[in-house]
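Beneath this line is the structure, given in C-alpha cells, with notes to follow.
Please treat every number below as a calculation from the coordinates, not as lab data. Here the structure is a predicted model, which means the values were calculated and not measured. With ideal geometry, Cβ positions are generated from the backbone for all residues, glycine too; neighbour counts draw on all protein chains shown.
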C-alpha cells in the first residue's frame, strides 16, 4: 500500500509541477523525456534553455491517446488514423500539418507538428492526469547521449529539473520512428528510424515507405521538414566514437597504442578479439540488435565513465532495431573526433 501511495504522490506532484510550468523527467519506452506543458510558451522556452537546444529544432508533443490527434493536426489523413490505431501507444511519431494549438516554439516555426502516444505506463498515467500535450525531448544536454534511466537524467541535468519520475530502464532504448504524413499522406516517409520498422508501416498502409534524410547538412532547404535527432552529429559521448567491423577491431585497437597514445574502450560482443585493449576497458554488447538498442546509450555513457578517449564500437546487424542503432552510432561518430 505504501508503494501505491508513493506512486500516487509522485504522480500528483508531477502533474502539479507541469501545470505550473515546471520541468519533469518522464520515463517513456524509448528514452527519458524532459516534459513540459506544450501549451505554455514560457515553460517550453525554459526547457530549451536547460537542454541548450537550438530554437529552430522542433520537439515532439506527447499525447494521452489518438483521440487528441485533431487538437494538434489540422489535417489528419486516413494513414495517420490507421498508424495510430496500429502502433499507439508505442514508439511511433507522426508529423502532421499543425493547428493553432501547436506553438511556434514547439514546432521550430514550421507548419508541421510531431506527435506520439508513448507506451510507458507511468508516462501514460501522467498524460491522462495532466489532460494536455507534453513537449518532451530527451532529458539530456542537446546533442549528447540520451538518457535511458532516471539516474542518467539526474546526472545530466541535476537540480535544473523540478522532478524526475523513476520508471526503470527504458525497454526500447532508442528514440521513436518518425513518419512524415504532412508532405504527402499518400507517400509517407521515415524521417528518423526507430523500433517501428518501415516494412511494418508499409504493410499496414499498403504502400512503399521511403527513408528520407530529414536534415543532412546546414543549408537544408526551408521546405524540408526538420525533426528531432536528425542532425548528422548527435547522440555523442565525450569519447570519440569509431565504428569497426569485428574482424578489424584488433588492428584498430593496436593503432591506438601508437603515439599519440589514446585510451580506448571496446564495445563489442563476446568473442571479438582486441588484445591491445585492457580487460577492464572492454564492454560487452549484446549480439542481438534489439537487446543492443536497450543498452546502447548506457554503454556510451560507460565509455565516458572509464575516461576513454576513443570508443571502438562493433555495430549490430541491420535486422530489427539494428538499423536504428547503426543510425545513432553513425551520428555519434560524427559528433566527436578522436584526437
Between helix 289-305 and the chain: long-axis angle, C-alpha atoms, 0 to 90°, nearest 10: 70
Principal-axis tilt of helix 78-87 within the chain, Cα atoms, nearest 10 degrees: 60
Distance between modelled label sites at residue 71 and residue 142, nm, 7 Å Cα→Cβ extension: 2.7
Packing-based exposure ordering (other Cβ within 10 Å, fewest first) of 186, 180, 37: 186, 37, 180
Largest-first ellipsoid semi-axes for the stretch 240-335, taking √(5λ) over the Cα gyration tensor eigenvalues, angstrom: 21, 14, 12
Distance in nm between pseudo-label sites at residue 330 and residue 278 (7 Å out along the Cβ direction from Cα): 3.4
For the chain, share of DSSP beta bridges that run antiparallel, in % to the nearest 5: 40
Nearest-0.05 FRET efficiency for residue 211 and residue 9, computed from C-beta distance (R0 51 Å): 0.70
Least to most buried among 175, 67, 284 (fewest other Cβ within 10 Å first): 67, 284, 175
Helix-only [θ]222 nm of the chain, DSSP H runs n ≥ 4, -39500 (n - 2.57) each, per residue, nearest 500: -9500 deg cm²/dmol
Neighbour-count order for 74, 326, fewest beta carbons within 10 angstrom listed first: 74, 326
The stretch 264-299 and the stretch 14-63: distance between their alpha carbon centers, rounded to Å: 33
Rounded to 10°, Cα long-axis angle of helix 2-19 versus longest principal axis of the chain: 70
Structure-derived Cα extents along the principal axes in Å - corresponding label in (1) 59, 50, 38; (2) 71, 52, 44; (3) 56, 45, 44: (1)
